[in-house]
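To start, the structure under review is shown below, and the notes come after it.
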Amino acid sequence: MTEAGSSSPLVKLEAVNKHFGALHVLKDIDLSVARGEVVVVIGPSGGGKSTLCRVINRLETIDSGDITFDGQTLPAEGKSLAKLRSEVGMVFQSFNLFSHKTILENVTLGPIKVRGIARQQAEQRGLELLERVGIASQAAKYPAQLSGGQQQRVAIARALAMDPKMILFDEPTSALDPEMVQEVLDVMVGLASDGMTMLVVTHEMGFARRAAHRVVFMADGQIVEESAPEAFFTQPKSDRARDFLSKILTH
Amino acid sequence: MDDLIKYAPDLAAGFLVNVKLSLVSGVLSLILGTILVSMRVSPTPVLRAVGTTYVNVVRNTPLTLVLAFSALGLSDTLGLTISDEPSTNGFWLVVLGLSAYTATFVGEALRSGINTVPLGQAEAARAIGLTFFQSLRLIILPQAFRAVIRPLGSVMIAMIKNTTVSVAAGYLAESAFVMKDTFDDTGVSIPIFIGLALAFMAFTLPIGFLTGWLARRLAVAR
């Protein structure tokens, strides 16, 4: 494996296949994400989008193919896998904050326990990050006391606290009440313009248009097409994408 | 009533033994139960198998047999000696058997507690780079414990009452045996019987109240 230069992709999936029992959820997926690139993955439910997101930090294993992150094949288990995961942030649809820990503790746990950073330093940085996502005043509360939008912004701060090389977003706004979607998207747009590498599974076309460099359309476990956002939404190349867009645009 | 007053010092000394057995076995069974449940949810198949087999064998064996094995098997046959002082040795053999037995119930209570923790939190813990045992220790088990404080209280109450079968391990110092021994001299004495029952209730009832209070206080809001 050659030393990763700045021009090599940060993530590279080659011929990746994955089954859930009889269901073939990822079919020969080839995808690479460059450093600083924001890729939006869009497509119908059950098309394999979330699974694609989850195989990159190995929350799901793959059956065949090859995934490299920062020039190295994903480790299978143990400490090296934990180390890889600490470099790839993940934001979930259902937030998944640690219910028994305060907002600040949620954000500082990783830096203290995984990176070995001193508590005081981690808390200072944690508060800065909470400030950045606009919820520093809630630092001492518990997750259940916050709204969905606030919880999701904490989850983003928790991912950022690890100084990840990349953040994966698995439908980050799908579980939110409509009026809370924008506050989360605003934080994500901010991250994108700061140059964070992001893979975002979402149906938010506004976000895709504002922040994405590339849109990947997935259906039935395959990548059907990849284009620049504007081109994808105005002139989709495939019938499958055209059909999908007509369904979500007319409502 | 005279019998109760006359034999009270002996019975009290015996009851103190029940208390000591309970405290030591309580701590040990909580530790061993936590280890057992950690094995049962671990990603290593061998650990899971060992944990499951242990729980299924020991939990389904009568306590009197477990204690008899502790005394006859461990001590007499395998020659395990914890102390040269016979009464101390007997005490620890009971503790060993009782803890090994109670730990299976602690482990099962904790396992149902683990099931109350949303899977997503375990994924989030792994996603920030925590190892399996770190996620278990920092995220899963703290919430599992809080969810099962009440059932753990019941396990502890059962364990306290189980100290009265220590005689199965040949250990004769605890109060129930002292009572029976006294009855051999005096005939059945209702006051002694009630007095001892009340002593146990004075020990176990507060545990029920305390765990109920703790469970409400420490409940994890989701």
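Structure notes:
- Inter-centroid distance (Cα atoms) of the stretch B:1-36 relative to the stretch B:58-116, Å: 15 Å
- Bridge type composition, the protein assembly as shown - antiparallel percent by DSSP, nearest 5: 55 percent
- Per-residue mean of foreign Cβ neighbours for A:153-159 is 1 (Cβ atoms of other chains, 10 Å radius).
- Intensity falloff of chain A expressed as log10 I(q)/I(0), Debye formula with alpha-carbon point scatterers, at q = 0.07, 0.09, 0.11 Å⁻¹: -0.24, -0.39, -0.59
- Take each residue in B:115-126, count the other chain C-beta atoms within 10 Å of its C-beta, and the mean is 5.
- Least to most buried among A:217, B:203, B:91 (fewest other Cβ within 10 Å first): B:203, B:91, A:217
- With 27 Å as the limit on Cα-Cα distance, the pairs of A:83/A:141; A:101/B:20; A:113/B:20; A:12/A:79 that go past it are A:83/A:141; A:101/B:20; A:113/B:20.
- The fewest-to-most ranking of A:42, B:207, B:31, B:149 by surrounding Cβ atoms within 10 Å reads B:31, B:207, B:149, A:42.
- The alpha carbon centroids of the stretch A:15-35 and the stretch B:131-163 are separated by 40 Å.
- Overall, the ratio between the Cα radius of gyration of the stretch B:69-167 and 2.2 N^0.38 Å, rounded to two decimals, is 1.46.
- Ordered by the number of other Cβ atoms lying within 10 Å of each residue's own Cβ, fewest first, A:245, A:199 fall into the sequence A:245, A:199.
- With only the Cα atoms considered, chain B has a convex hull volume of 133 Å³ per residue.
- q = 0.07, 0.10, 0.12 Å⁻¹: log10 I(q)/I(0) that the Debye formula gives for the protein assembly as shown, counting C-alpha atoms only: -0.52, -0.83, -1.03
- Residues of type lysines that residue A:237 reaches as a straight line, Cα spacing below 19 Å, ignoring anything fewer than 8 places off in the same chain: A:247
- Candidate cross-link partners of residue A:18 among the lysines, defined by an alpha-carbon separation under 20 Å and a same-chain spacing of 8 or more, comprise A:27, A:49.
- Around the amide H of residue A:166, modelled in the peptide plane, lie the amide H atoms of A:89, all under 5 Å away and 5 or more residues distant in sequence or on another chain.
- Neighbouring Cβ atoms from other chains, within 10 Å of the Cβ of residues in A:96-104, number 6 on average.
- Translational D in µm²/s for the stretch B:101-153 (Stokes-Einstein at 10 °C, 1.306 mPa s, Kirkwood Rh from C-alpha pairs): 140 µm²/s
- Spacing of the two label points (7 Å from each Cα toward its C-beta) at residue B:193 and residue A:24, in nm: 7.6 nm
- Here the extension length gained between residue B:85 and residue B:10 equals 25.0 nm, from 0.36 nm per residue of separation less the Cα-Cα distance.
- Applying the Karplus relation 6.51 cos²θ - 1.76 cosθ + 1.60 with θ = phi - 60° to the stretch A:93-100 yields 3J(HN,Hα) values of 4, 9, 6, 6, 6, 6, 4, 8 Hz, where x marks Gly and Pro.
- Computed FRET value (nearest 0.05) for residue B:201 with residue B:31, which takes r as the C-beta separation and R₀ as 35 Å: 0.80
- DSSP assigns beta bridges within chain A; of those with both partners inside it, close to 55 percent run antiparallel.
Any read-out appearing in this document is the output of simple, stated calculations on the displayed coordinates, not a laboratory observation. The shown structure was predicted, so the numbers you read here are calculated from the model rather than taken from an experiment. All Cβ positions, glycine included, derive from the backbone under ideal geometry; neighbour counts span all protein chains shown.
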